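Some notes on the structure that comes next.
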Amino acid sequence: MFYREAGDFKTSYQQDNQTFPIRFDRYRYYVVLAVAFGVVPFLINDYWANAILVPFLIYAIAAIGLNILTGYCGQVSLGTGGFMAVGAYACYKLMTAFPELSMFIHVILAGGVTALVGVLFGLPSLRIKGFYLAVATLAAQFFLVWLFNRVPWFYNYSASGQISAPERDVFGILVTGPNAPSWAVYLFCLIFVTFAGVLARNLTRGTMGRRWMAIRDMDIAAEIIGVNPLTAKLSAFAASSFFVGISGALFFSVYLGAVEVGEAFGIQKSFLVLFMVIIGGLGSIFGAFAGAAFLVVLPVALKLVGVDMLGWATDIVAHFQLVIVGALIVVFLILEPHGLAQLWRVAKEKLRLWPFPY
Amino acid sequence: MLDQAEGYTTADGRKIGGVVMEMKNITLRFGGVVAIKDISFDIREGEIRAIIGPNGAGKSSMLNVISGFYVPQEGEVWFHGSRRPPMRPYEVARQGIARTFQNIALFEGMSVLDNVMTGRLTHMKTGVFSQALWKGPAEKEENENREVAEKIIDFLEIQHIRKTPVSRLPYGLKKRVELARALAAQPKLLLLDEPMAGMNVEEKEDMSRFILDVNDEFGTTIALIEHDMGVVMDLSDRVVVMDYGKKIGDGSPDEVRNNQDVIDAYLGVAHD
């Protein structure tokens, strides 16, 4: 009933181009933002922050990053875990080398470093496509993890070979280390997520996004209308890696606190983020959020149902989770290749006409 | 009738200007196959130039040479009075040459509007950072170019489908969207590779009208490949005829029609 374009006239291209063209959507978006910033921090506790909210926010950034590369530019990447590790280690090196700088700057710089590394590993994409590129990025994944394991400089020659985040504060409030309050960690991540979402949306709706999508849909035609495939692909790698790097930096510094690279940023992580993007919806920023939420909430929900309600053993539930995720991937690839975002779009389309569908 | 420097006046009174593009002794080989053999012709400002010939004559290869996909082994391409070095297709596009494809090459995952807007890419200069910020230069540029794109959309009468994903459109409309995308670049030279392939009579009439209108309204120079002889003879000012990679005729539709070599190529003669 409220979900209508009717009466909401657009009188300029600017209005026609906005992210949420329907008034109801616009208000919904502001409400979500207001609740996330103004209400949740007061209600949050350690369990909610650590089990659901913070990982959701961090994975959402990673999924946005991968979605730019795979969903918008059509370059399949299995190196997300490796790039997250780059972000984490860059953040660690920066935190220990320049302790006086703000955490915000560390995380953003870590994203920048990852963007450079991403461009480097994106170079093969100029020659190879599809599966072969996926294998090339897989090489990046293994190489980067190996590098961070083998070169002691990256972990400051610590005896354990791990990196652990020193305590850092933002405006006097701790955001890293075990003593950081969960609401501060949550807000810190939320700020990055909000900016990542807005930036990614801006990048994908304008010229850059069209270049990427042109390359994705038909690279020959893209070249004939004046897209330089070199800059288009590498800029996608750079933008994507920037977000993935930020997510890796946050994952290490504020979420885990201490990281062993093979465990935290292994190939598993690459696949997890890829699954988020596939289930959420390729080529959609909303899809990145939906996919991240889904795959973060799923294990928690399963544990709640399986272990707490039905009394099954923990390992059975853990295996169930793998089965369910695997089945879902297959189902989504066959039935709805555009993922949850497409379901959402269809629902909105229906809602626009409801209750008079004819 | 044809004055090298001055151009000429067409039968319907349009003034045709100087040479825009000149192909000089182009030879293109694929291994042992000679696709184009020592062909020279020119395209003049404001004219509709057709390239015709039987299947496998090398017409599409010729278009691909012009648009930079193929680099000829011999010969020179002159554009606006200077020799063009071998360049990549996107550099050719930036020089102001746009084209459509024989089999539609639209971006299926994008809306019609986005497809047309991709045609404006060569005119859009803002970098990654202003794009990411959006407010300011990026948005201004977007709106300015949107205005141009909307004019083209208006011109080709596809307003009603502007937000429709291209993958949902029927064939005839896709062809029109592809023309819109090429036109959005405001090209100096527009190449059309079989713009009427696979269309019914009405769609062909529509498309012919659009081609004439484009030429008339924007003064765009057009080079096209087409198999429908009726269309070619009606539309074009001058025609190049190719057969087996060689040029066998060049001139006004009437001259070409009465050229014995052309008649032979189309009707077939005993090769001895």
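The values are calculated or read from the model by the stated rules, or taken from the named source; none is laboratory data. Not measured: the values here are computed from a predicted model. Neighbour counts are summed over all protein chains in view; Cβ atoms, including those assigned to glycine, are modelled from backbone coordinates with ideal geometry.
Selection of the stretch B:184-219 for residues being without any contact (Cβ under 8 Å) to a residue 60 or more places away in the chain and assigned to a loop (DSSP other than H, G, I, E, B) yields B:196, B:198, B:199, B:200.
One residue stands out in the stretch B:180-194 among those that are farther than 13 Å from residue B:116 by Cα and surrounded by fewer than 24 Cβ atoms within 10 Å (Cβ to Cβ): the one that is farthest from the other protein chains (Cβ to nearest Cβ), namely B:194. Taking residue B:176, is it closer than 24 Å to residue B:96 by Cα, crowded, with 19+ Cβ neighbours inside 10 Å and not hydrophobic (A, V, I, L, M, F, W, C)? So residue B:176 passes the test. The lone criterion from (1) in the same structural domain as residue B:227 (by TED's automatic domain parsing); (2) free of Cβ contacts under 8 Å to residues at least 24 places away in the same chain left unmet by residue B:125 is number (1). Among the residues of the stretch A:114-128, those that are touching a residue at least 12 places away in the same chain (Cβ under 8 Å) and more than 17 Å from the chain's Cα centre (by Cα) comprise A:116, A:117, A:119, A:121, A:122, A:123, A:124, A:125, A:126. From the set of residues in the stretch A:198-225 that are closer than 16 Å to residue B:111 by Cα, facing chain B (nearest Cβ under 7 Å) and of a type outside the set (D, E, K, R), which is farthest from the chain's Cα centre (by Cα)? Going through the qualifying residues, I end up with A:221.
Condition check for residue B:144 on (1) more than 10 Å from chain A (Cβ to nearest Cβ); (2) surrounded by fewer than 19 Cβ atoms within 10 Å (Cβ to Cβ): one failure, at (1).
Scanning the stretch B:76-115 for residues that are more than 10 Å from chain A (Cβ to nearest Cβ) and within 21 Å of residue A:74 (Cα to Cα) gives B:111, B:112. Every listed requirement among (1) more than 14 Å from chain B (Cβ to nearest Cβ); (2) of a type in the set (Gly, Ala, Ser); (3) in contact (Cβ under 8 Å) with a residue 12 or more places away in the chain is met by residue A:241 save one, (1). On inspection, residue B:50 passes the criterion of being in the same structural domain as residue B:239 (by TED's automatic domain parsing), surrounded by 20 or more Cβ atoms within 10 Å (Cβ to Cβ), among the small types (Gly, Ala, Ser) and under 22 Å from residue B:228 (Cα atoms).
Number of residues in the stretch A:11-61 that are surrounded by fewer than 12 Cβ atoms within 10 Å (Cβ to Cβ), in contact (Cβ under 8 Å) with a residue 40 or more places away in the chain and in a helix (DSSP H, G or I): the value is 2. Of the residues B:135, B:151, only one is more than 7 Å from chain A (Cβ to nearest Cβ) and part of a helix (DSSP H, G or I); which? Only one candidate passes the filter, namely B:151. The criterion of at least 1 residues that are more than 20 Å from residue A:186 (Cβ to Cβ) and among the hydroxyl-bearing types (Ser, Thr, Tyr) is met by the following helices (runs of 4 or more DSSP H) wholly inside the stretch A:256-322: A:267-280. Applying the criterion of at least 2 residues that are buried (at least 21 other Cβ atoms within 10 Å of the Cβ) and charged (D, E, K, R) to the helices (runs of 4 or more DSSP H) found wholly in the stretch A:140-250 leaves A:207-217. Of all residues in the stretch B:116-132, those that are surrounded by 20 or more Cβ atoms within 10 Å (Cβ to Cβ) and more than 7 Å from chain A (Cβ to nearest Cβ) total 2.
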